[in-house]
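Comments concern the structure below.
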Amino acid sequence: MSQPEPRKRIRTRHFAQAKAAGHKITALTSYDALTAAIFDAADVDLLLVGDSAANVVLGYQTTLPITTDELIPMARAVASAAQRALVVADLPFGSYENSPEQAWQTASRFMKETNVAAVKLEGGERMAAQIRRLTESGIPVCGHVGFTPQSEHGLGGHVVQGRGAAEAQLLADALAVERAGAFAVVLEMVPADVAQRVTEQLQIPTIGIGAGAGCDGQILVWQDAFGLTTGRTPRFVRRYADLAGVLGEAARHYVDDVRSGAYPSEAENYENTQQ
Ligand code: KIV
């Protein structure tokens, strides 16, 4: 996304402008102040305090167990560090599905307690009433359709969505999110041609993750993209760095230095002198 003035804060209206101008939107997850400052300085447009923190920060098997109380301090840290990026917080599983009122209660906590600029929730037609309630209350919402990790048990695992006859429902879900007032929608694990057709039929931008280059923007979980995650990652992940390797090497070096007495050195000691 290009901007009129450097370092001017990104607002939700800039997402519609980016789509109209054909400028790709860049997004990453972030869960702490240090990575938020780094990604913000790199001109990432949207920082998502995703419920993927359940996996990559808290070590849970799925995103389902993470709570609003666990995500709020992370959202506050990211929002405090980002100067340009639009910061969006995920509404955790169980905190919004029951009713528009429940969604408003949870979203208003994020808005009051963290200083994020928007929230994200999963679901299309079935969540339209929640999205409408939030947007009509002045809380910007990013939708999320296709593979929705909070429903992974219902969907039968990490399964590509929108193939064949399921394309019509995917489009209906994305349109429902748009009509309810969302400023953008994440499309996760959708065939590239399907995602492109959905993108062409929406006014709001699509942000893809495993949904091909035809989306208006892309998002990745940063630990996957920069190689802190070890083991198997989904096929859509490109590893831009090997942070696990760099950190492991640095930690081994430190351990060697402490064991050998090479750390700390004279230069790293305080002197016993009066000031
Ligand atoms: O929680 C998350 O990180 C997400 C992205 C995968 C879009 O929802």
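The values are calculated or read from the model by the stated rules, or taken from the named source; none is laboratory data. Keep in mind the model is a prediction, meaning the values are calculated, not measured. Note that we place each Cβ from the backbone using ideal geometry, even for glycine, and neighbour counts take in every protein chain shown. We work out accessible area using only protein heavy atoms, side chains counted, and drop any ligands, DNA or RNA first. Shrake-Rupley method; radii C 1.70, N 1.55, O 1.52, S 1.80 Å.
Brief remarks on what is shown
- Flag if ILE66 is in contact (Cβ under 8 Å) with a residue 24 or more places away in the chain, out of contact with any strand residue (DSSP E or B) (no Cβ under 6 Å at 6 or more places or on another chain), within 14 Å of the ligand (Cβ to nearest atom) and under 20 Å from GLU113 (Cβ atoms): yes
- Among the residues of the range 80-92, those that are surrounded by 23 or more Cβ atoms within 10 Å (Cβ to Cβ) and more than 11 Å from the ligand (Cβ to nearest atom) comprise ALA82, ALA85, LEU86, VAL87.
- Enumeration of residues in the range 115-149 that are more than 15 Å from the ligand (Cβ to nearest atom) and touching a strand residue (DSSP E or B) at 6+ places or on another chain (Cβ under 7 Å): ALA117, ILE131, LEU134, THR135, ILE139, PRO140
- Restricted to the range 222-260, and to residues there that are in contact with an Asp or Glu (Cβ under 6 Å, 6 or more places away or on another chain) and at pLDDT 95 or above, the residue that is most open to solvent (accessible area, probe 1.4 Å) is VAL237.
- Of all residues in the range 221-246, none satisfies the criterion of being in contact with a His (Cβ under 8 Å, 6 or more places away or on another chain) and in a helix (DSSP H, G or I).
- Answer from GLU200, GLU152 - the residue that is more than 16 Å from the ligand (Cβ to nearest atom), of a type in the set (Asp, Glu) and either farther than 16 Å from LYS24 by Cβ or open to solvent by 10 Å² or more (accessible area, probe 1.4 Å) (or both): GLU200
- Near pairs, Cβ below 6 angstrom, 6+ apart or cross-chain, from the range 97-122 (polar (S, T, N, Q)) to any residue that is not in a loop (DSSP other than H, G, I, E, B): THR106/THR68; THR114/ILE72; THR114/ALA75; THR114/ARG76; THR114/ALA79; ASN115/ALA79
- Matching residues, the range 25-68, being open to solvent by 20 Å² or more (accessible area, probe 1.4 Å), assigned to a loop (DSSP other than H, G, I, E, B) and not hydroxyl-bearing (Ser, Thr, Tyr): ASP32, ALA42, ASP43, VAL57, LEU58, GLY59, GLN61, LEU64, PRO65
- Residue in the range 30-48 that is within 11 Å of the ligand (Cβ to nearest atom), under 17 Å from the mean Cα position of the chain (by Cα) and among the charged types (D, E, K, R) present: no
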